[in-house]
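The values are calculated or read from the model by the stated rules, or taken from the named source; none is laboratory data. Every value quoted in this text rests on a predicted model; they were computed, and no experiment measured them. All Cβ positions, even for glycine, are placed from backbone atoms using ideal geometry, and neighbour counts span all protein chains on display.
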Amino acid sequence: MAIVSRTEAQWQQPRPNVSNGTTNGSMSVSTVTKTSIEKPLAAAAADLLSTLGEDLYREGLRQTPQRMAKALTYLTGGSTMTVKDVLNGAIFTERYDQMVLVKDIEFYSLCEHHVLPFYGRAHIAYLPAGKVVGLSKLPRLLDVYARRLQVQERLTQQVAEALQEALNPRGVAVMVEASHFCMMMRGVEKQNSTTVTSALLGEFRDDPALRNEFLSIVRTGRNT
Ligand SMILES: [Zn+2]
């Protein structure tokens, strides 16, 4: 069994530039392909701010519509990426057939009901059937689906199904644990609640022992 827990430093890696297949640390996929929407987005953001009663000419807000446009373009950039682009060239033939689990993968997404962040950790496992994927690709795969307007349930299922389709493994297990700003800052204002979702495919769904093994490894080292 291979278990990987990623450190903060590993999150700082440059993102791939899908348009030419090279790595470019300064320009992300989303800024390459979605720049065209930044101008109308900035205009809409200016409308939003002035509707809120803000003075767009005060010093702190002068560039805010542009910054909002850039941030939103980046945070929804996953919809311009494809799983094929992200995994391309990183699927290898291997005889290893035990569970591969990358746990505690940090992610940030936006809830589609309030356009407020939800964030947390994902744990992604699969049982290879002749093919393995480069370990750093699993966090990237997660970002494809996290960087868009989402609900946690769909995010979990989409990551599992994408991995199933890409590798055709004997099974896939994905668990997502997240905190939602729409619950923390507004509504019920519960700061300490965590929402847990999981998607189990193939042998993980059919074999309780395997499912329990996944769960116990995910919980190892937790205080809560
Ligand atoms: Zn929400």
When you scan the stretch 164-224 for helices (runs of 4 or more DSSP H) that lie fully inside it, which ones turn up with 3 or more residues that are away from the ligand (no atom under 16 Å from the Cβ) and of a type outside the set (A, V, I, L, M, F, W, C)? 203-206, 208-219
Yes or no: the stretch 70-91 includes at least one residue that is surrounded by fewer than 16 Cβ atoms within 10 Å (Cβ to Cβ), at pLDDT 90 or above, over 30 Å from Val218 (Cβ atoms) and among the β-branched types (Val, Ile, Thr). no
Restricting the search to the stretch 61-79, which residues are within 14 Å of the chain's Cα centre (by Cα), within 29 Å of Ser50 (Cβ to Cβ) and not in a loop (DSSP other than H, G, I, E, B)? Tyr74, Leu75, Gly77, Ser79
Filter the stretch 188-214 for residues that are small (Gly, Ala, Ser) and touching a strand residue (DSSP E or B) at 6+ places or on another chain (Cβ under 9 Å); the one that is modelled with the lowest pLDDT is Ser193
Log entry, pairs with first residue in the stretch 152-180 being in the same structural domain as Lys190 (by TED's automatic domain parsing), second being part of a helix (DSSP H, G or I) and small (Gly, Ala, Ser), beta carbons closer than 6 Å, six or more apart or on different chains, reads Val172/Ala160; Val174/Ala160
Given (1) more than 18 Å from the chain's Cα centre (by Cα); (2) closer than 23 Å to Asp85 by Cα; (3) acidic (Asp, Glu), Asp143 misses just (1)
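In this structure, does Met183 turn out to be farther than 18 Å from Val132 by Cβ, without any contact (Cβ under 8 Å) to a residue 40 or more places away in the chain and assigned by TED's automatic domain parsing to the domain that holds Leu101?
Considered against the rule, which asks whether it is farther than 18 Å from Val132 by Cβ, without any contact (Cβ under 8 Å) to a residue 40 or more places away in the chain and assigned by TED's automatic domain parsing to the domain that holds Leu101, Met183 comes out as yes.
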Those residues of the stretch 114-131 which are in a strand (DSSP E or B), hydrophobic (A, V, I, L, M, F, W, C) and under 17 Å from Leu201 (Cβ atoms), in sequence order: Ala122, Ile124, Ala125, Leu127
Does any residue of the stretch 95-116 turn out to be away from the ligand (no atom under 16 Å from the Cβ), polar (S, T, N, Q) and touching a helix residue (DSSP H, G or I) at 6+ places or on another chain (Cβ under 7 Å)? no
Could you check, for the stretch 146-158, whether at least one of its residues is at pLDDT 95 or above, part of a loop (DSSP other than H, G, I, E, B) and among the aliphatic types (A, V, I, L, M)? yes
Within the stretch 190-224, tally of residues that are surrounded by 10 or more Cβ atoms within 10 Å (Cβ to Cβ) and of a type in the set (Gly, Ala, Ser): 4
Scanning the stretch 173-184 residue by residue, those closer than 13 Å to Cys111 by Cα, more than 15 Å from the chain's Cα centre (by Cα) and not aromatic (Phe, Trp, Tyr) turn out to be Cys182, Met183, Met184
